[in-house]
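Working notes for the structure below.
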Amino acid sequence: AQKVTQTQTSISVVEKTTVTMDCVYETRDSSYFLFWYKQTASGEIVFLIRQDSYKKENATVGHYSLNFQKPKSSIGLIITATQIEDSAVYFCAMRDRSSGSWQLIFGSGTQLTVMP
Amino acid sequence: EAAVTQSPRSKVAVTGGKVTLSCHQTNNHDYMYWYRQDTGHGLRLIHYSYVADSTEKGDIPDGYKASRPSQENFSLILELASLSQTAVYFCASSERDRYAEQFFGPGTRLTVL
């Protein structure tokens, strides 16, 4: 069965530093898609970045990048030059071919606090 | 600007009462979803739809019904609300492509007393 696990419940960092959030997934499929979403304090959920399983290159969008380690079924989110407004809950999610329903399987989230 | 809106934004309901949560999207997306979020947890799929007049069950459909009368509108119905259904409910939409990201509404906070 598909499963997405985020073991870090919360992380605190100082502004302008780099942070990595971990995520491991389970799937039987060779083709799948991995997503990271951000939920702000107001509850708003926004899409950040996606990694396609067949791509070897790590995805990068702005100051977000991914560390995709396929043999370890791991997809870490890296935020460089963190800002106060990056404080939020970050969710990892996966969609694979067994998800014929096009549903996303979400992890439980990691609370990031960026301190001045 | 394309958007997903939800109404109401919050609601207090009584146990055994009927609750309807509404979702409207202007993204022209085929797929729409209803998720539930419990405090400190991720999102779990309740129902989804890929075409008007058709709905499908997600991971936790028990106690919920869904209705998709048009491409733009998707409702979640709790016929007999229970205490355990107190949660925040999110609606989302996406294109039909497997790699497409989902766009979320602002959420509805439901409290069942």
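For the reader, a short list of remarks on this structure follows.
- Sorting A:VAL114, A:VAL4, B:VAL88 from the fewest to the most surrounding beta carbons within 10 angstrom yields B:VAL88, A:VAL114, A:VAL4.
- Take each residue in B:30-38, count the other chain C-beta atoms within 10 Å of its C-beta, and the mean is 2.
- Using the average count of surrounding beta-carbon atoms within 10 Å as a protection proxy, the listed peptides A:104-110, B:76-82 rank, highest first, as A:104-110, B:76-82.
- Built from the Cα atoms of the protein assembly as shown, the convex hull projects on average onto 12.4 nm², one quarter of its surface area.
- Peptides B:10-19, B:33-42 ranked from most to least packed by the mean count of surrounding Cβ atoms within 10 Å: B:33-42, B:10-19.
- The length gained on full extension between B:ARG109 and B:LYS18, counted as 0.36 nm times the residue separation minus their Cα-Cα distance, comes to 31.2 nm.
- Take each residue of peptide A:88-96, count the partner chain Cβ atoms within 10 Å of its Cβ, and average: the result is 2.
- For A:LYS70, the aspartates and glutamates whose Cα falls under 13 Å of its own Cα, not counting residues fewer than eight places away in the same chain, are A:GLU26, A:ASP29, A:ASP52, A:GLU57.
- Quotient of Cα Rg and 2.2 N^0.38 Å for chain A, N being how many residues it contains: 1.03
- Loop trypsin sites (Lys or Arg not before Pro), the stretch A:1-88, which have at most 12 other Cβ atoms in a 10 Å radius of their Cβ (DSSP): A:LYS16, A:ARG28, A:LYS55, A:LYS56
- The chymotrypsin sites (Phe, Trp or Tyr not before Pro) of the stretch A:22-84 that DSSP puts in a loop, and whose beta carbon has at most 10 other beta carbons within 10 Å, are A:TYR54.
- The protein assembly as shown, dipole about Cα centre (Lys/Arg Cβ +1, Asp/Glu Cβ -1), debye to the nearest 20: 340 debye
- Shielding by other protein chains, B:96-106, mean Cβ within 10 Å: 6
- Exposure proxy ranking for A:MET115, A:MET94, A:MET21, based on other Cβ atoms within 10 angstrom of each Cβ and starting from the fewest, stands as A:MET115, A:MET21, A:MET94.
- Sorted by Cβ neighbour density within 10 Å, fewest at the top, the residues B:SER93, A:SER31: A:SER31, B:SER93
- Span from the the stretch A:55-116 Cα centroid across to the the stretch A:1-54 one, whole angstrom: 3 Å
- Computed from the Kirkwood radius of its Cα pairs, the Stokes-Einstein diffusion coefficient for chain B at 37 °C and 0.692 mPa s stands at 237 µm²/s.
- Label point at A:ARG97 placed 7 Å out along Cα→Cβ; residues across the stretch A:30-58 whose backbone nitrogen lies under 11 Å: A:30-32
All of the numbers you see were taken from the coordinates with simple rules; none came from a lab. The structure presented is a predicted model; accordingly, all values stated were derived computationally and were not measured. So basically every Cβ, Gly included, is an ideal-geometry build from the backbone, and we count neighbours across all protein chains shown.
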